[in-house]
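Asks: Questions regarding the structure given below will be posed in turn.
The values are calculated or read from the model by the stated rules, or taken from the named source; none is laboratory data. As the structure is a computational prediction, the values presented were derived from the model and not from experiment. Counting neighbours? That spans all protein chains shown, and the Cβs are built from the backbone with ideal geometry, glycine included. To get the accessible areas, we keep the full protein, side chains included, count just its heavy atoms, and leave off ligands, DNA and RNA. Shrake-Rupley method; radii C 1.70, N 1.55, O 1.52, S 1.80 Å.
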Amino acid sequence: MSEERFGEFVLVRRHEYVVELVLDRPKAMNAVSTDMARSITQACTALAADRDARVVVLTSSHERAFCVGADLKERNSFSDADLMRQRPVARGAYTGVLELPMPTIAAVHGFALGGGFELALSCDVIVADRTAVVGLPEVSVGVIPGGGGTQLLPRRVGAARAAELIFTARRLEAEEAHGLGLVDHLVEEARDREEALRLAARMAANSPVGLRAAKRALRLGHGLDLRTGLEVEDAAWRSVAFSADRAEGVAAFNEKRAPRWPGE
């Protein structure tokens, strides 16, 4: 396992083809400051270009929190101009996670609130342990979810449910969050990282070319009418049909062996 640090607050660990993106600002329960947002963006930019990274798992180094959202202590000192200057920096962090081209999994325990829950929502799959508490409380402090929450949550749970949760600003404990579909897998306490890495390893055993193309089709096709969506799928299929990965996958199947993916 190798490690690389991006700034002071983000750590990237490599487990062969699975890459762990660690939120590492434990003294602030991973509250996203301007510096931390820049580091998340930089790490995601590097990972997006890394052909050896097949699956990314977003984790936390804090025992009691995944991420408590924006750093409101920092923002309390901001002028209006400061806030406007910070906006594209903060937005870049959420967009960076959302636009990673490979499958992404969030491993959530403890508090995942506001921007913290939006980072998890930006991933394809959310694994949460029984200590998890999630929610989008932004309207309770006079703003709205601005890291994708108003768009990502209704795509998970429907418009009416998302509206209720955002308008009430309430927090949900793990059992209810799982029941409503805010998280995908509910695991025992302190097992979120382990189970997320296990799921990632299962995904990473598959073709990296296929994984990225499948994610592209899923993301681009969502919300389109069926006919248009099928055209998106066809374009993604054509991008892999003549790839070296496809040739290796068919050969490995016929030779009854594990594939050795070229990744191209």
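Asks: Taking the Cα atoms only, what angle lies between the long axis of helix 80-98 and the longest principal axis of the chain, rounded to 10 degrees?
Replies: 30
Asks: For the stretch 9-83 and the stretch 228-264, what is the centre-to-centre distance using only Cα atoms, to the nearest Å?
Replies: So the two Cα centres are separated by 33 Å.
Asks: Post the alpha-carbon centroid distance, the stretch 153-223 to the stretch 90-152, in whole angstrom.
Replies: 10
Asks: Additional query: The stretch 218-264: which chymotrypsin sites (Phe, Trp or Tyr not before Pro) are DSSP loop and have at most 12 other beta-carbon atoms within 10 angstrom?
Replies: Numbers: sites: Trp237, Phe242, Phe253; in loops: Phe242.
Those satisfying the criteria are Phe242.
Asks: May I pose another question? Share of the chain's accessible area from carbon and sulfur, percent, 1.4 Å? Don't jump to the answer; show the numbers that get you there.
Replies: On the way: 7330 of 13630 Å².
On the chain, the fraction of accessible area on carbon and sulfur atoms equals 54 percent.
Asks: Using all C-alpha to C-alpha distances in the stretch 205-264, build P(r) with 10 Å bins and read off the rounded percent in each one.
Replies: The calculated distribution, bin by bin, is 24, 43, 25, 8.
Asks: With the alpha-carbon atoms as the only input, what is the per residue convex hull volume for the chain in Å³? The partial results should precede the final answer.
Replies: Working: hull volume 36.4 nm³, N = 264.
About 138 Å³ per residue, rounded to a whole number.
Asks: Moving on. Please give the per residue volume of the convex hull enclosing the alpha carbon atoms of the stretch 117-264, rounded to a whole number of Å³. Provide the component values of the computation, followed by the final result.
Replies: Working: hull volume 20.6 nm³, N = 148.
Convex hull volume per residue, Cα atoms: 139 Å³.
Asks: As an exercise, identify the trypsin sites (Lys or Arg not before Pro) in the stretch 18-101 lying in DSSP coil whose Cβ has no more than 14 other Cβ atoms within 10 Å. Present the calculation step by step, with values, prior to reporting the outcome.
Replies: Numbers: sites: Lys27, Arg38, Arg51, Arg54, Arg64, Lys73, Arg75, Arg85, Arg91; in loops: Arg51, Arg54, Arg64.
Those satisfying the criteria are Arg51, Arg64.
Asks: A follow-up question, please. Mean residue ellipticity at 222 nm from the helices of the chain, using -39,500 (n - 2.57) per DSSP H segment of n ≥ 4 over the full residue count, to the nearest 500 deg cm²/dmol?
Replies: On the way: 11 runs with 125 residues, N = 264.
Taking each H run of at least 4 residues, the total per residue is -14500 deg cm²/dmol.
Asks: Compute the length gained on full extension between Phe242 and Lys27: take 0.36 nm times their separation in residues and subtract their Cα-Cα distance, giving the result in nm to one decimal. The partial results should precede the final answer.
Replies: Working: separation 215, 0.36 × 215 = 77.40 nm, distance 4.96 nm.
Net length gain for the segment: 72.4 nm.
Asks: Another question, if that's okay. Any idea which of Pro262, Ala106, Thr41 is furthest toward the positive side of the dipole for the chain, if Lys and Arg beta-carbons carry +1 and Asp and Glu beta-carbons -1?
Replies: Pro262
Asks: Evaluate the charge dipole of the chain about its Cα centre and quote only its size in Debye, nearest 20, assuming +1 on the Cβ of each Lys and Arg and -1 on the Cβ of each Asp and Glu.
Replies: Working: 34 positive and 37 negative charges, 69 e Å.
That gives a dipole near 340 debye.
Asks: In the chain, what % of DSSP beta bridges are antiparallel (nearest 5)?
Replies: On the way: 13 of 35 bridges.
The antiparallel fraction comes to roughly 35 percent.
Asks: Could you calculate the contour length gain from Thr150 to Glu173, that is, 0.36 nm times the residue separation minus the distance between their Cα atoms, to one decimal place in nm?
Replies: Numbers: separation 23, 0.36 × 23 = 8.28 nm, distance 1.99 nm.
Full-extension gain reported as 6.3 nm.
Asks: Based on the alpha carbon coordinates of the stretch 43-142, what radius of gyration and maximum Cα-Cα distance (Dmax) apply, in Å?
Replies: Computed over the Cα atoms of the stretch 43-142, radius of gyration and Dmax are 14.5, 42 Å.
Asks: Related question: Can you give the relative contact order of the chain as a percent, counting alpha carbon pairs under 8 Å and 6+ residues apart? Before the final figure, lay out the partial values.
Replies: Values: 502 pairs, mean separation 40.7, N = 264.
Value for the chain: 15 percent.
Asks: Tell me, what is the per residue accessible area of the stretch 103-235 in Å², probe radius 1.4 Å?
Replies: In whole numbers, the stretch 103-235 has 48 Å² accessible per residue.
Asks: Just going by the charge dipole of the chain, with Lys and Arg at +1 and Asp and Glu at -1 on Cβ, which of Ala93, His62, Val133 is farthest out on the positive end?
Replies: So the residue we want is Ala93.
Asks: Here is a further query. Working with all protein chains in place, sort Glu173, Glu118 by solvent-accessible area computed with a 1.4 Å probe, largest first. Mind dumping the intermediate values first?
Replies: Working: Glu173 130, Glu118 5 Å².
Result of the area sort, largest leading: Glu173, Glu118.
Asks: What is the dipole size for the stretch 166-264, taken about its Cα centre, with +1 at each Lys and Arg Cβ and -1 at each Asp and Glu Cβ, in debye to the nearest 20? Mind dumping the intermediate values first?
Replies: Working: 16 positive and 17 negative charges, 84 e Å.
I would put it at about 400 debye.
Asks: To the nearest 20 debye, what charge dipole does the stretch 1-121 have about its Cα centre, counting +1 at the Cβ of each Lys and Arg and -1 at the Cβ of each Asp and Glu?
Replies: For this selection, approximately 140 debye.
Asks: Which order do you get for Ser207, Ser2 if you rank them by accessible area with a 1.4 Å probe, largest at the top? Before the final figure, lay out each step's value.
Replies: Working: Ser207 20, Ser2 60 Å².
So the residues, ranked largest to smallest area, are Ser2, Ser207.
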